[in-house]
1. Consider the range 191-204. How many of its residues are buried (at least 18 other Cβ atoms within 10 Å of the Cβ) and under 20 Å from Pro163 (Cβ atoms)?
2. Among the residues of the range 107-127, are any of a type in the set (Asp, Glu) and farther than 24 Å from Leu41 by Cβ?
3. Filter the range 13-26 down to the residues that are part of a helix (DSSP H, G or I) and under 19 Å from the mean Cα position of the chain (by Cα), then identify the one that is surrounded by the most Cβ atoms within 10 Å (Cβ to Cβ).
4. Determine whether the range 124-139 contains at least one residue that is in contact with a Ser or Thr (Cβ under 6 Å, 6 or more places away or on another chain) and closer than 16 Å to Val73 by Cα.
5. In the range 129-163, what count of residues is obtained for those that are more than 14 Å from the chain's Cα centre (by Cα) and either closer than 28 Å to Val180 by Cβ or open to solvent by 50 Å² or more (accessible area, probe 1.4 Å) (or both)?
6. Could you tell me whether Arg44 is basic (Lys, Arg), loosely packed, with under 15 Cβ neighbours inside 10 Å and closer than 25 Å to Asp198 by Cα?
7. Any residue at all in the range 103-112 that is under 16 Å from Thr143 (Cα atoms) and at pLDDT below 95?
8. Could you tell me whether Arg111 is open to solvent by 40 Å² or more (accessible area, probe 1.4 Å), free of Cβ contacts under 8 Å to residues at least 60 places away in the same chain, within 23 Å of Ala148 (Cα to Cα) and of a type in the set (Lys, Arg)?
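The values are calculated or read from the model by the stated rules, or taken from the named source; none is laboratory data. Predicted, not measured: the structure shown is a model, and the values here were computed from it. All Cβ positions, even for glycine, are placed from backbone atoms using ideal geometry, and neighbour counts span all protein chains on display. Only protein heavy atoms, including side chains, enter the accessible area calculation; ligands, DNA and RNA are left aside. Shrake-Rupley method; radii C 1.70, N 1.55, O 1.52, S 1.80 Å.
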Amino acid sequence: MPDVQAVARYASVLSRPVDAVVRDLESYAKLLTKWQSVQNLVSRETLALIWTRHFADSLQVLSLMTEADRLCVDIGSGGGFPALPMAIASKGLDRHFVLIEPTSRKVSFLRTVARELDLNVTVIGRRCDQIDSRETGVPDVITSRALAAMPQLCAWMAPFFGPNSRALLHKGREHVEELVESGAQWHHDVLVRVSDTDPGGVILTVTNLRRKTMR
């Protein structure tokens, strides 16, 4: 059964009525459950908690975005989190999502969801370090969830960063140590917000990302 309250919590940042967003998320959940049998899209333990652990966890990122955010690039999209719930919740807005995912079966799944739910989404089926950023354009927002530690993530994000770009990243308890490690190689300004859905998690807002010059 859909958890309407998990979505209603973010009603103020949805582009449509809550019930319309819930219907699309329910269709997404059915597709994910169907595809899960042939491709591990999410951990089995969290599949039963999809409305809170995956949908609400993704939707909370929208509260850190503005109407001026038109292009979002998601790195290592996997089963589509956080980008697909964000795209579902942004239907009707002038906002485009580019999902980057190298695994062919996951790419097929992401394209199926985007097509069946008529989402403003492009899926690129290659590794992010194999993509020329001119293919995506300069994003307003970069997202990533459970992909890599901050030093590696910074290296993957940097080619896409423009002067006004920012990254909105899901991170866990290890984020403090990761930021220390990435700070040895990268300049970045970081704001930390406690996650709405995971007491041990945070959403990092990263701006002004650039590699440090080694002397």
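1. Residues meeting the conditions: 1.
2. Checked against the condition, which is being of a type in the set (Asp, Glu) and farther than 24 Å from Leu41 by Cβ, the range 107-127 yields no hits at all.
3. Across the range 13-26, the extreme among qualifying residues is Leu25.
4. yes
5. Counting residues in the range 129-163 that are more than 14 Å from the chain's Cα centre (by Cα) and either closer than 28 Å to Val180 by Cβ or open to solvent by 50 Å² or more (accessible area, probe 1.4 Å) (or both) gives 20.
6. So Arg44 passes the test.
7. No, the range 103-112 contains no residue that is under 16 Å from Thr143 (Cα atoms) and at pLDDT below 95.
8. no
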